[in-house]
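The values are calculated or read from the model by the stated rules, or taken from the named source; none is laboratory data. Owing to the predicted nature of the structure, the values given are computational and were not obtained by experimental measurement. Here the Cβ is made from the backbone with ideal geometry for all residues, glycine too, and neighbour counts use every protein chain on show. Calculation scope for accessible area: heavy atoms of the full protein, side chains included, ligands and nucleic acids excluded. Shrake-Rupley method; radii C 1.70, N 1.55, O 1.52, S 1.80 Å.
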Amino acid sequence: MKNINASIDIDHVLFRHDIAGSKAHCRMLVATGILTAADGEAILGGLDQVEEEIARGEMAFDPALEDIHMHVESRLRDLIGEAAGRLHTARSRNDQVATDFKLWTRAAIDRLDADLQAFQQALLDRAEEHADTLMPGFTHLQTAQPVTFGHHLMAYYEMIRRDRGRLADCRARLNESPLGSAALAGTSFPIDRHMTAAALGFDRPTANSLDAVSDRDFALEFMAALNLAAMHLSRLAEELVVWTSAGFGFVRLSDSFSTGSSIMPQKRNPDAAELVRAKLGRVNGAYQTLLMVMKGLPLAYSKDMQEDKEPVFDAVEAYTLSLAAMTGMVQDLRVDAAKMAAAAGAGYSTATDLADWLVRGANLPFRDAHHVTGRIVKLAEDRGAALEDLSLADMQAIDARITEDVFSVLSVEASAASRTSFGGTAPRQVRQAIKTARQALTARNSKAEHSA
């Protein structure tokens with residue numbers, strides 16, 4: 001029972017959040033006259049010492065004390081005597097742990113947001129460097145149309161932008177203080193929950209004491225948002241694995257992010273990308289674990305909820321490490337622009353440009369242009385030639401309305417440059433997207449600094 005009941009091996013990481021909540025609670029108790037100023041001063045001084053001892057690694061954790069809350073209270077009693085027992089007036093471990101967990105989650109979101117911004121900066125830097133670098137764009141992992149590597153990287157920038165937005169939304173919703181909800185029904189003491197909420201940086205206290213202590217939807221929403229962010233990282237990790245393979249050879253990672261084989265000296269394995277791809281499965285597992293913990297619980301608190309923190313802590317650790325590795329790989333990778341460009345022209349990737357030209361230059365309906373283009377591609381395939389290597393006569397034999405001007409759209413460079421619609425892959429559009437993104441990041445930083 002001692003082993004299954006204790007959570008100190010997991011929740012000891014909450015010590016700073018727990019002590020911050022206790023300090024806010026203590027000051028409120030003094031302000032409302034529930035606690036004397038002398039007791040309040042002794043408690044606050046004792047809490048400072050307890051925090052320092054834990055930070056220095058001087059506290060021996062004892063499973064008999066179950067959790068971080070009891071460890072702090074027990075050590076506080078050792079230091080200041082019976083006044084320590086008055087700290088728990090008008091609160092419960094139920095609202096205490098909900099408050100601690102919210103404070104931890106809020107801090108985790110803030111750290112991740114800063115890390116995600118650094119990743120965005122890395123993507124922007126490489127995208128700007130390769131705004132003109134041609135590569136094949138794929139659908140079904142088959143060559144589709146030429147794009148630029150900068151445009152490809154900016155797609156991930158947009159994904160991360162949305163990831164940050166989801167985490168910000170989650171933070172806004174969780175930023176209500178459970179402290180003062182007590183065990184489940186509130187308290188008869190004349191506490192000031194708005195005071196403690198403000199002291200801890202919450203926007204307001206929670207509106208319902210039952211809800212405050214019995215739900216972990218803030219953690220589930222956090223895990224859901226993190227799952228989407230993890231999925232995006234994993235997709236890029238997969239692309240790095242593909243791009244570094246011999247069949248592609250688009251990019252190369254240095255020894256900092258790859259390893260050799262134990263038996264094949266010629267190999268350079270993209271281990272960092274593979275490990276990111278694997279580790280991020282733990283984020284999904286954490287979400288499913290917490291959802292299963294919560295899905296069948298009646299109101300209010302049940303001890304099942306002690307299992308809420310371990311999967312979340314593990315998921316954040318796995319994602320944080322993966323994000324750091326991915327940021328490093330984006331900064332580290334070296335692009336083989338020649339191989340990318342050669343691949344961009346393979347597979348008749350400018351066939352769509354030919355069809356578009358037939359619509360514009362020969363006034364064909366698009367469906368007819370699509371059919372004519374298919375016949376021209378078939379001819380090129382039969383001859384083992386590129387589209388631009390066919391003669392004008394060859395193409396006019398299929399449709400007499402084709403003119404010499406068609407050759408202006410058949411190169412991969414012309415194809416990419418022509419995609420000038422908003423959000424398109426034309427290098428000038430990519431550079432404008434990068435400029436807009438940098439301005440948005442600067443504006444967001446200024447707003448965050450002003451709010452702080």
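Observations, loosely collected:
- Based on C-alpha pairs under 8 angstrom that are at least 6 apart in sequence, the chain has a relative contact order of 17 percent.
- Zero-based 10 Å bins, Cα pair distances in the chain, whole percents: 4, 17, 21, 18, 15, 11, 7, 5, 2, 0, 0
- Computed over region 147-225: relative contact order in percent, which uses C-alpha pairs under 8 Å that are six or more apart: 34
- Within the accessible area of the chain, the carbon and sulfur atoms contribute 52%, probe 1.4 Å, all protein chains present.
- Rel. contact order, % - alpha carbon contacts under 8 angstrom, at least six apart, region 347-418: 39
- The alpha carbon gyration tensor of region 1-89 gives principal lengths a ≥ b ≥ c with a/c of 1.5 or higher and a/b greater than b/c, which makes the shape prolate.
- Inter-part distance, region 138-210 to region 285-338, computed on C-alpha centroids, equals 14 Å.
- Ranked by how many other beta carbons lie within 10 Å on average, peptides 210-223, 189-202 from highest: 210-223, 189-202
- Candidate residues 86, 77: accessible-area rank, largest first, probe 1.4 Å: 77, 86
- Shape of region 164-308, Cα gyration tensor, a/c cut at 1.5: prolate
- Region 347-418: C-alpha gyration tensor shape, a/c 1.5 cut-off, then a/b vs b/c: rounded
- A helix-only calculation puts the chain at -20500 deg cm²/dmol for mean residue ellipticity at 222 nm, using -39500 (n - 2.57) for each DSSP H run of at least four residues, averaged over all residues.
- Taking other residues whose beta carbon is less than 13 angstrom from the beta carbon of residue 385, and scoring Lys, Arg as +1 and Asp, Glu as -1, yields -3.
- Nearest 10 degrees, 0 to 90: helix 68-80 Cα axis against the chain principal axis: 40
- Å² per residue, accessible surface of the chain at 1.4 Å: 47
- Highest average first, the peptides 90-99, 297-306 ordered by how many other beta carbon atoms sit within 10 Å of their residues are 90-99, 297-306.
- Sites matching chymotrypsin sites (Phe, Trp or Tyr not before Pro) across region 359-452 that sit in DSSP coil, with at most 11 neighbouring C-beta atoms within 10 Å: 422
- Residues whose amide H falls under 5 Å from that of residue 251, counting only those 5 or more places apart or on a different chain, are 244, 336, with hydrogens built in the peptide plane.
- Environment charge of residue 45, counting only residues whose C-beta is closer than 12 Å and scoring Lys/Arg +1, Asp/Glu -1: -4
- Axis angle, to the nearest 10 degrees, between helix 149-174 and the longest C-alpha principal axis of the chain: 20 degrees.
- Compared with the dominant Cα axis of the chain, that is its longest principal axis, helix 93-129 is turned about 30°.
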